Amino acid sequence: MKTKFTTDTKLESEIAYFQNINLKLESGDIIDSFKLAFKTYGKLNADKTNAILVCHALTGDQYVAGNNPITGREGWWSRMVGPNKPIDTNKFFVICSNVLGGCAGSTGPKELQNESDVAYGGNFPSVTIKDMVKAQSLLIENLNIEKLFSVIGGSMGAMQALQWAIDFPDKILNIIHIAGALKHSAQNIAFHEVGRQAIMSDPIWKNGKYFENNEVPERGLSVARMIAHITYLSENAMHRKFGRKLQSRDIISFGFDADFQVESYLRYQGKSFVERFDANSYLYLTRAMDYFDHDETFRKNIEFSHNPNNHLKYLIVSFTSDWLFPTIESKMIVNQLNSLSREVSFLEIDTDKGHDSFLLEEPQLDDVIKGFLTNNFAKIDE
Amino acid sequence: MNKINSIRKDWSLIETLIAEDRKILDIGCGDGGLMEQLENNRNAITHGIELNRDLAANAIARGFNVVHGNAELDLSQYSNNSFDYVILSQTLQAMMKPKDILSELLRIGSKAIVSFPNFGHWKIRLQLLISGRMPVTESLPYTWYDTPNIHFFTIKDFLNLCNEMNIVIEKSIGLTSKGKQFDISESITGVNFFTHEAIFLLSYKNFEPIKIKSSKKVFAKNSVIAN
């Protein structure tokens, strides 16, 4: 096994290559070599006690803050991570890596298959949240960080944070779990399936081999994004933002143009998504979320873990208008932790912004994250 | 660590009832004031439940283990005897089912600390007697139609309920309206009249196992048990 670190100037990312590592996946498949693209913010302190791993959501990437060279826009959580921000990079060393199976520089269906000149496409093995976390743990290990102070994530990022608590409790001190659940619900799987069907029924998809002709199944992928985007909002937020307002005319067209602002908004969301995300990656990552299920096993895993996990602190946050990962799902985690007398804090934030709230302006979210990190860090610093 | 002075009189009394290094659940913990005091002064490990969202958020931001939720719905998730003390301060009268809550406190904790305003205080009795209307006082400052306090009871009522539920009162402290402190169990006459606020340390009665004597080696016979 050999690990090599380089910098990709085009991606403005660090790349960690894990060569001949034979990473065994949950499916039983083995990836002999892989790479992870990652970014770091702030400085690791001398005792290496201030490292925080931020886990991104389904369509996120390693660009938490600063410039994202793929979109040309600010990082997806730049309002949360940075100097003097709630996750303060003056104080903490923040790491974020693109997940295994992703499409922002880490090994995934878009990347070339083991030094050949053909991309994986549909030959990429199925990855799970557990596999992503295993890959991340190798990265952390190779950065010579023995213990992460915190693992933080929303949505699919929350799933990863929970998986860290299950698989590597000895390597972390606390997790912040936002808008997540013990399992992906039937309704969530259903929405993902509609998205995948949209991609796979696009004639350009060609069983995942669209890249051979330098094509992209734009229609399918953008429809998938439009459906998903609806699930990230709430009815109230949509009404507040768009109502029944018309796009650019005073009269309706009696046709199928985007008369309504909400239609035009969704079309724009779909279109801009296609420019930055790989369709095959979308299939693989939605599948990874679908397979996530700790409903029956979480309590047992925490209670009878091989690794001591009694020291772990949990901050669980949900949002009132999140119908994709509703509060009841978060409370199940809280209940199970409380029944085991674990140190858990829980807050349901009142907002109408839906599942996407964790990415948006929510002062109470900022306050609890900042306070939780600062106070718990002060305790280990004593 | 520096000792913290109590902001509230009842908190300093609650502190005196608690031993060092214990695990505590504070129900209705607000922004964690009492938790902070007990962590500092008693080296306690504290957990809290708070119904009010903003207070819960404050407590979490201050670094305490606090679950935003409703004690009447959420207490069932805690395991038997998972805390040394469970504290319910000034809230029993606002509960839908005070009796159920009381038994939950002693299921989760080996001991419970309960404090409440005494509805038997002479000022309250006098108000009702003279004005003929529901009393409004400093400790019970709400009008009848918008009060969170839905179950009024006196010290006598509380003692009767404890007796009925086989709950032992280990310690009891009364406060007069002027803040004078006394031991409720020692001053019997007039206690229910003068106590403004009461604080109780509770636990369950320990029953001696029934010993069966019999010359024959029969483990249990109906007639023996009946005796």
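Data for the structure
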item	result
Qualifying position, being within 22 Å of A:S318 (Cα to Cα), of a type in the set (K, R) and in contact (Cβ under 8 Å) with a residue 12 or more places away in the chain, among A:R219, A:R276, A:R225, A:R299	A:R299
Scan of the stretch B:46-65 for residues that are within 19 Å of the chain's Cα centre (by Cα) and of a type in the set (V, I, T), ordered by number	B:T46, B:I49
Members of the stretch A:343-356 that are under 30 Å from B:M35 (Cβ atoms) and either more than 14 Å from chain B (Cβ to nearest Cβ) or part of a loop (DSSP other than H, G, I, E, B) (or both)	A:D350, A:T351
From the options A:V118, A:V94, residue that is within 29 Å of A:A279 (Cβ to Cβ) and out of contact with any Asp or Glu (no Cβ under 7 Å at 6 or more places or on another chain)	A:V118
Hits in the stretch A:160-186 (condition: farther than 24 Å from A:E146 by Cβ, in contact (Cβ under 8 Å) with a residue 24 or more places away in the chain and outside any loop (DSSP other than H, G, I, E, B))	A:I178, A:K183
Some residue of the stretch B:17-25 being among the small types (G, A, S) and surrounded by 18 or more Cβ atoms within 10 Å (Cβ to Cβ)	no
In the stretch A:112-138, the residues that are surrounded by fewer than 19 Cβ atoms within 10 Å (Cβ to Cβ), at negative phi and in a loop (DSSP other than H, G, I, E, B)	A:Q113, A:S116, A:D117, A:V118, A:P125, A:S126
Subset tally (residues that are within 11 Å of chain A (Cβ to nearest Cβ) and farther than 27 Å from B:P148 by Cα) for the stretch B:28-50	2
Given (1) part of a loop (DSSP other than H, G, I, E, B); (2) basic (K, R); (3) touching a strand residue (DSSP E or B) at 6+ places or on another chain (Cβ under 9 Å), number of the condition A:R79 does not satisfy	(3)
Odd one out for A:G371 among (1) more than 10 Å from every other protein chain (Cβ to nearest Cβ); (2) touching a helix residue (DSSP H, G or I) at 6+ places or on another chain (Cβ under 7 Å); (3) more than 20 Å from A:S155 (Cα to Cα)	(1)
Residue count for the stretch B:143-156, restricted to those that are over 20 Å from B:T176 (Cα atoms) and without any contact (Cβ under 8 Å) to a residue 40 or more places away in the chain	5
Among the candidates A:D250, A:D259, residue that is in contact with a Leu (Cβ under 6 Å, 6 or more places away or on another chain), over 16 Å from A:H355 (Cα atoms) and modelled with pLDDT under 95	A:D259
Subset tally (residues that are more than 7 Å from chain A (Cβ to nearest Cβ) and either under 17 Å from A:V344 (Cβ atoms) or not acidic (D, E) (or both)) for the stretch B:51-67	6
Scope the stretch B:103-124; condition assigned to a strand (DSSP E or B) and either under 19 Å from B:E164 (Cβ atoms) or not hydrophobic (A, V, I, L, M, F, W, C) (or both); matching residues	B:G109, B:S110, B:K111, B:A112, B:V114, B:S115, B:F116, B:P117
The stretch B:1-24 residues that are farther than 19 Å from B:F116 by Cβ, paired with ones that are of a type in the set (S, T, N, Q) and surrounded by fewer than 17 Cβ atoms within 10 Å (Cβ to Cβ) (beta carbon under 7 Å, 6 or more apart)	B:M1/B:N40; B:K3/B:N40; B:I4/B:N40; B:E20/B:N43; B:D21/B:N43
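Yes or no, residue by residue, for (1) buried (at least 16 other Cβ atoms within 10 Å of the Cβ); (2) modelled with pLDDT of 95 or more; (3) of a type in the set (G, A, S); (4) within 30 Å of A:N123 (Cα to Cα):
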{"residue": "A:R196", "(1), (2), (3), (4)": "yes, yes, no, yes"}
{"residue": "A:W205", "(1), (2), (3), (4)": "yes, yes, no, yes"}
{"residue": "A:E212", "(1), (2), (3), (4)": "no, no, no, yes"}
{"residue": "A:L221", "(1), (2), (3), (4)": "yes, yes, no, yes"}
{"residue": "A:K241", "(1), (2), (3), (4)": "no, no, no, no"}
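The values are calculated or read from the model by the stated rules, or taken from the named source; none is laboratory data. Note that this is a predicted model, so its numbers are computed, not measured. Every residue, glycine as well, gets a Cβ built from its backbone with ideal geometry; the counts of neighbours run over all protein chains shown.
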